[in-house]
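For reference, the structure is listed below as structure tokens.
Where a number appears in this text, it was derived from the coordinates with a stated rule and is not lab data. No experiment lies behind these values; they were computed from the predicted model shown. Cβ sites come from the backbone with ideal geometry, for glycine too, and all protein chains shown count toward neighbours.
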Amino acid sequence: LFSAVELAPRDPILGLNEQFNADPNPAKVNLGVGVYFDDAGKLPLLACVKAAEQQLTDAAKPRGYLPIDGIAAYDKAVQGLVFGSFADGQAALAAGRVATVQALGGTGGLKVGADFLKKLNPGAKVLISDPSWENHRALFTNAGFPVETYAYYDAANRGLNFAGMLADLQAAAAGTIVVLHACCHNPTGYDITPSQWDEVIAVLKARGLVPFLDMAYQGFGDGIAEDGAVIRQFLAAGVESFFVATSFSKSFSLYGERVGALSVVCASKDEAARVLSQLKITIRTNYSNPPTHGAQVVATVLDTPALRAQWEDELAGMRVRIKQMRQLLADKLVAAGVKQDFSFITRQRGMFSYSGLNKAQMERLRSEFGVYGVDSGRICVAALNTRNIDGVVAAIAKVV
Ligand code: LMR
């Protein structure tokens, strides 16, 4: 049966973890996968999460099946976070225009949305940014879509090709699904400005494109409200229908709980009810219904004022530390005598820096120095700390 099965390549991001774990080099540093580590190099268990888990343990309940679309209080908390802090969002929620389902991480939200869209509009094409998170292409391809790109990164100028982005969107056929990074673009770390978003939104609207926002890093750029502001812009511009995938993997440091969501903004309450019924079929036929723990933790934190304040503080702490590491990395590269200008690292946002290093340099970083980043040149700044940064800088200085 399996004699013709080909060996698939390793996943470009998660496959690096396997390689990293097998590397005996005691000085190895994992800057591959997008995971935040604290200054001691430890994966944090947030105090707000620990407190919520304690509350849940103290009032431990049996675990029945969840509803197909997840815990109602969790879906409501997600809606509050994504849409609830501004008037247009509150109006959309009050009008019942938003269908939200609990999903297995942000990836799960993307997949449920992709499967639903494939049934809805089987002939559509998907556009992702050039470059984008490696799994965007793979996920939408596996959902059956042809996947192409819109211009985004300008390698020569270490910035954005905004004119190219607009031109590509303008040329897209009506109904094309456009995957957009709500904040902290993965992998480049370059976001478009609010006024550029207005221009993008105007084109999406005029061309009848289907926006699918991936919001995996809310709170890692400038703040929770600031990073989520693009949602307000979509609603304020009168975009009737769009998708938002949410992830709490990073912002709650709950990677292994697979806790995320998909929200679909619809034109009316009636439409939202019909969309929700279809999302539920997608979920039921994939994994039946979601797991309990992570969503309960997130809902408890978001709905308990003291825990929510604690979460916002802890998230701010992660954001500030990443920014410090960006500055330190740029400064130390200069101090190490690297002539190439790396000051762009401090202008990028979120967990990643698109370093500009090529595949051969990234391979050399891995094989000679035990410094693991993605072949595209992406490094996870959130995994740098005051102990490992000198080794990383010395290694980069050697390969450039
Ligand atoms: C990443 O880009 O490293 C993260 O989003 C983790 C993943 O699933 O790839």
(request) Return the calculated 222 nm mean residue ellipticity for the chain, to the nearest 500 deg cm²/dmol, obtained by summing -39500 (n - 2.57) across DSSP H runs with n ≥ 4 and dividing by the residue count. (result) -14500 deg cm²/dmol
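Based only on the alpha carbon positions, what is the Kirkwood hydrodynamic radius of the chain, in angstrom?
21.9 Å
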(message) Net charge around GLU271, counting only other residues with Cβ within less than 12 Å of its Cβ (Lys, Arg = +1; Asp, Glu = -1)?
(response) +1
(request) Run the quick spin-label model on SER241 and GLU226: label points 7 Å from Cα toward the beta carbon, then report their separation in nm to one decimal. (result) 3.5 nm
(message) If I take all pairs of Cα atoms in region 1-120, what percentage of them are more than 19 Å from each other?
(response) 73 percent
(request) Determine the distance separating the Cα centre of region 295-358 from the Cα centre of region 85-106; give it in Å without decimals. (result) 27 Å
(message) For the chain, set up a GNM with springs between Cα atoms under 10 Å and report which of ASN161, ASN30, ASN286 has the largest fluctuation.
(response) ASN286
(message) Just to verify a number: FRET efficiency for THR386 and ASN358, C-beta to C-beta distance, R0 = 22 Å, to 0.05?
(response) 0.20
(request) Choose one answer from GLN278, GLN196, GLN340: the residue with the largest mean-square fluctuation in a GNM of the chain with alpha-carbon springs under 10 Å. (result) GLN340
(message) Could you give the length gained by full extension between GLN19 and ASP58, i.e. 0.36 nm per residue of separation minus their alpha carbon distance, to one decimal place?
(response) 10.1 nm
(request) Beta carbons within 10 angstrom, averaged per residue: use that to sort the peptides 13-20, 251-258, 288-295, highest first. (result) 251-258, 288-295, 13-20
(message) Relative contact order for the chain: what percent, with Cα pairs under 8 Å and sequence separation of 6 or more?
(response) 26 percent
(request) Return the tail of the calculated pair distribution for region 147-217, meaning the percent of Cα-Cα pairs more than 19 Å apart. (result) 29 percent
(request) State, in angstrom, two size descriptors of region 263-400 derived from its alpha carbons: Rg to one decimal place and Dmax to the nearest whole number. (result) 21.6, 63
